[in-house]
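Here's a structure for you.
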Amino acid sequence: MNNIHILTNWFKSPNETAFLYPLLKFKSQLLNKGYSIKFFDQPSEKFTECDVMIISSKFYSNRWSENLVHKTLQKIYELKKNGAKLIYANISDSSGVVHFKMLEIVDLYIKNQLYKNKNNYLKSFYGYRIYTDFYNRIYNVKDKIPAYSEPITNIDNLKKLTFGWNSALGNYGILGFYCQKIIGNLGLKFHLPYPKKN
């Protein structure tokens, strides 16, 4: 049996909801295939007692400022003390990637979308994305506060980047948005049904 523990903020955003949906929807089928899935909302000692840990990027999304980044990385690094593999799930909805400092710690970095040419991640782009960099270079479009994506400095880390599943797997039925808000705000930990087919 492969024990997989997932650290999540639950249904606090559409991307988080879509990330959790297939895992919850097919939890019993995954168990039948030898994958036991458990969810955690805190990085406790129990969370580390498994074969694979998966951290949703939304869990640490507000802890990457300059004064917090070192402490955040140290906390995440300490989670590996029991020898479990660590997967970081960047569930943002763009091909641009943040939190590249995680690559030195994690065993796998999954992303909803990836550049066709992974070597683009070795470059720094104005505005974090290729198209904003294009408008900056060609048309001199600038922001009041310029921002650049963080390039990968260790080329060997490119092999850690791989596809996850994207937000298309969420429930976007008529009641999906309201159910997500209710469950997210109340902290209820059960899955929502997919919309029924017509």
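Checking the condition polar (S, T, N, Q) and in contact with a strand residue (DSSP E or B) (Cβ under 6 Å, 6 or more places away or on another chain), which residue from ASN82, ASN2, ASN62 passes?
On the way: ASN82 fails: in contact with a strand residue (DSSP E or B) (Cβ under 6 Å, 6 or more places away or on another chain); ASN62 fails: in contact with a strand residue (DSSP E or B) (Cβ under 6 Å, 6 or more places away or on another chain).
On inspection, the qualifying residue turns out to be ASN2.
Can you name the residue in the stretch 76-96 that is closer than 26 Å to GLY127 by Cα and of a type in the set (A, V, I, L, M) and, of all such residues, is modelled with the lowest pLDDT?
Step one: list which residues in the stretch 76-96 are closer than 26 Å to GLY127 by Cα, which gives 88-96.
After this cut, where a residue has to be of a type in the set (A, V, I, L, M) as well, the list is 89, 91.
Values: ALA89: 94, ILE91: 89.
So, considering only residues that are closer than 26 Å to GLY127 by Cα and of a type in the set (A, V, I, L, M), the one modelled with the lowest pLDDT is ILE91.
Just checking, which of SER56, SER95 is surrounded by fewer than 17 Cβ atoms within 10 Å (Cβ to Cβ), without any contact (Cβ under 8 Å) to a residue 60 or more places away in the chain, under 25 Å from SER13 (Cα atoms) and within 15 Å of the chain's Cα centre (by Cα)? Don't jump to the end; show me each part of the working.
On the way: SER56 fails: surrounded by fewer than 17 Cβ atoms within 10 Å (Cβ to Cβ).
Selected residue: SER95, the only one of SER56, SER95 that is surrounded by fewer than 17 Cβ atoms within 10 Å (Cβ to Cβ), without any contact (Cβ under 8 Å) to a residue 60 or more places away in the chain, under 25 Å from SER13 (Cα atoms) and within 15 Å of the chain's Cα centre (by Cα).
Being among the aliphatic types (A, V, I, L, M) and modelled with pLDDT under 90 narrows it down to one of LEU73, LEU23, LEU7, so name that one. Walk me through it before giving the result.
On the way: LEU73 fails: modelled with pLDDT under 90; LEU7 fails: modelled with pLDDT under 90.
None of the others qualify; the one that does is LEU23.
What are the residues in the stretch 122-175 that are without any contact (Cβ under 8 Å) to a residue 60 or more places away in the chain, farther than 26 Å from ASP107 by Cα and buried (at least 17 other Cβ atoms within 10 Å of the Cβ), if any? Spell out the reasoning first.
Here is the first cut: in the stretch 122-175, the ones without any contact (Cβ under 8 Å) to a residue 60 or more places away in the chain are 122-160, 162-163, 172-175.
The next check asks that each one be farther than 26 Å from ASP107 by Cα; those that pass are 126-127, 130-147, 172-175.
Result: TYR126, GLY127, THR132, ASP133, ASN136.
Search the stretch 41-53 for residues being charged (D, E, K, R) and outside any loop (DSSP other than H, G, I, E, B), and hand back the single one that is surrounded by the fewest Cβ atoms within 10 Å (Cβ to Cβ).
Pass one, the stretch 41-53, residues charged (D, E, K, R): 41, 45-46, 49, 51.
Next, from what is left, pick out any that are outside any loop (DSSP other than H, G, I, E, B): 45-46.
Values: GLU45: 9, LYS46: 11.
In this case the residue turns out to be GLU45.
Within the stretch 54-76, can you find the residues that are assigned to a helix (DSSP H, G or I) and among the hydroxyl-bearing types (Ser, Thr, Tyr)? Steps first, answer last, please.
Restricting attention to the stretch 54-76, the residues satisfying the condition of being assigned to a helix (DSSP H, G or I) are 57-60, 69-76.
Once the filter is applied, which keeps residues that are assigned to a helix (DSSP H, G or I) and among the hydroxyl-bearing types (Ser, Thr, Tyr), the stretch 54-76 yields SER57, TYR60, THR72.
The values are calculated or read from the model by the stated rules, or taken from the named source; none is laboratory data. Given the structure is predicted, the values throughout are model-derived calculations rather than measurements. In this analysis, Cβ positions are derived from the backbone assuming ideal geometry, glycine residues included, and neighbour counts consider all displayed protein chains.
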